[in-house]
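Okay, structure first, notes after.
The values are calculated or read from the model by the stated rules, or taken from the named source; none is laboratory data. All figures in this text were calculated on a predicted structure; none of them were measured in a lab. Neighbour counts run over all protein chains shown; Cβ positions are idealised from the backbone, glycine included.
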Amino acid sequence: MTPSARFAQIRDKVRAGVPLDLEDGVFLYRSPDLLALGALANEERERRHGDRTFFNINFHINPTNVCVADCKFCSFARLEPGMPQAYTMDLEQVQAKFLERQHQPVTEIHIVNGLHPGVGFDYYKDCLRVLKQVRPDIHLKAYTAVEIHFFAERYGMTYEQVLRELIDAGLDSMPGGGAEIFAARARRKLCRDKADAGQWLEVHRTAHRLGLRTNCTMLYGTVETLEERVDHMLRLRDLQDETGGFQTFIPLAFHPDGNSLGKLPGPTGVDDLRTYAVARLMLHNIEHIKAYWIMIGLKTAQIALSFGVDDLDGTVQEEKIYHMAGAETPQAMTRAELVRLIREAGRTAVERDTLYNVRWIDDGAPLDDIRIAASVPYSGHAPVSAPARGLPIVH
Ligand code: V47
């Protein structure tokens, strides 16, 4: 079969709603016609979301970078508390990070840590509590499945016990980090001493059963093969068939500075765009594909909006994990800047909360007005649409 006949076969499957398989995904990755791939992913993106491009106003806190795991791609972690650049915030410092942003219309805080062996489980619960004290309605998207697995092992609890205690302390949803690449071959080379694929998936399965929405990610551009990338997507898709709890898939482009994989070049722009497009087409049961512009740069992120992406993360601030790995993107971006970027891509910017309730839709007002509106002191949530219902909670 010629490449164009094979591509047409896959296009027919997509249009008929037939799930793609491993061979389809690998073929798409290798198919020479990047624009045809992008157009098919864009068709699927527009079928679901039209021109809408979602963003939310969030910021990141990484309370500690002390971490017992030795992930080869990581530039953020420090093995022991006394090492140069190792830090652990006390609870006052964690709270102060939020207090200094109280005037901003932030709706979500994204919290990720190293696997610190010495602070105790209460520390992680208290981090959530002190943030909720500042504003009880702030959404806390916190702790990756790798951290949950670590807490369970270290403090002798089941995943369910860990998650229930964190939910009591204020956990609202979970980020998708720590998934890296599921294939055991690649994982052995990248991160052999933390939760494996089965454990990562089991934590998310448990979270979904307890009513939490979660995200999922894939780290690409290290030692993995294209087959392993597609296999990773298929494992996420299988769990999603079972639980329906994933909201968003976020491909994470490897950044080489300051880590032991520094000799690798990192993915190219074409690889970034292919990865978004293939993900949009493989993951028919995950509603959103998010570009983390911090990783791929604003310009590629803007183009990715025509390659399957419908969500841009975010008005992120004080990001550390990628900037310690050499990301040259700005650490923060205002709402008006993000709206400009989305408008110029021919899309409609939609501000959402973490659960994709719509808070604001771009009506084309001058960007200066948006800038001024964003500087008005925050005075509480006013969701435009009815709140999304969480998953049923199973007790
Ligand atoms: O698990 C670490 C990755 C992840 C590097 O859920 C690196 O909304 C590239 O998961 N180069 C953490 N990647 C961040 C994360 C995330 C980000 C944005 C949004 C969401 C969400 C989740 O970052 C880690 C790892 O896969 N990572 N170091 C590096 N040098």
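Cβ-Cβ distance below 6 Å, separation of 6 or more or different chains: which pairs start in region 236-258 with a residue that is under 16 Å from residue 206 (Cα atoms) and of a type in the set (Phe, Trp, Tyr) and end on one that is more than 10 Å from the ligand (Cβ to nearest atom) and at pLDDT 95 or above? As it stands, the answer is 246/240; 246/286, since those pairs meet every condition given.
Of everything in region 175-197 that is in a helix (DSSP H, G or I) and either in contact (Cβ under 8 Å) with a residue 60 or more places away in the chain or under 18 Å from residue 162 (Cβ atoms) (or both), the residue that is nearest to the ligand (Cβ to nearest atom) is 190. Any chance region 191-207 includes a residue that's in contact with a helix residue (DSSP H, G or I) (Cβ under 8 Å, 6 or more places away or on another chain) and of a type in the set (Val, Ile, Thr)? Looking through region 191-207, at least one residue is in contact with a helix residue (DSSP H, G or I) (Cβ under 8 Å, 6 or more places away or on another chain) and of a type in the set (Val, Ile, Thr). Of all residues being away from the ligand (no atom under 13 Å from the Cβ) and within 17 Å of residue 313 (Cα to Cα) in region 255-276, which is farthest from the chain's Cα centre (by Cα)? Just the residue, please. Among residues in region 255-276 that are away from the ligand (no atom under 13 Å from the Cβ) and within 17 Å of residue 313 (Cα to Cα), the one farthest from the chain's Cα centre (by Cα) is 273. Of all residues in region 198-231, those being more than 24 Å from residue 263 (Cα to Cα) and in contact (Cβ under 8 Å) with a residue 12 or more places away in the chain number 20.
For residue 328, the conditions (1) at pLDDT below 85; (2) within 16 Å of the ligand (Cβ to nearest atom); (3) touching a helix residue (DSSP H, G or I) at 6+ places or on another chain (Cβ under 9 Å) are fulfilled apart from (3).
Looking only at region 118-137, decide whether some residue is touching a strand residue (DSSP E or B) at 6+ places or on another chain (Cβ under 9 Å), within 16 Å of the ligand (Cβ to nearest atom) and among the aliphatic types (A, V, I, L, M).
Checking region 118-137: not a single residue is touching a strand residue (DSSP E or B) at 6+ places or on another chain (Cβ under 9 Å), within 16 Å of the ligand (Cβ to nearest atom) and among the aliphatic types (A, V, I, L, M).
Considering 205, 213, the condition of being basic (Lys, Arg) and within 16 Å of the ligand (Cβ to nearest atom) is satisfied by 213 alone.
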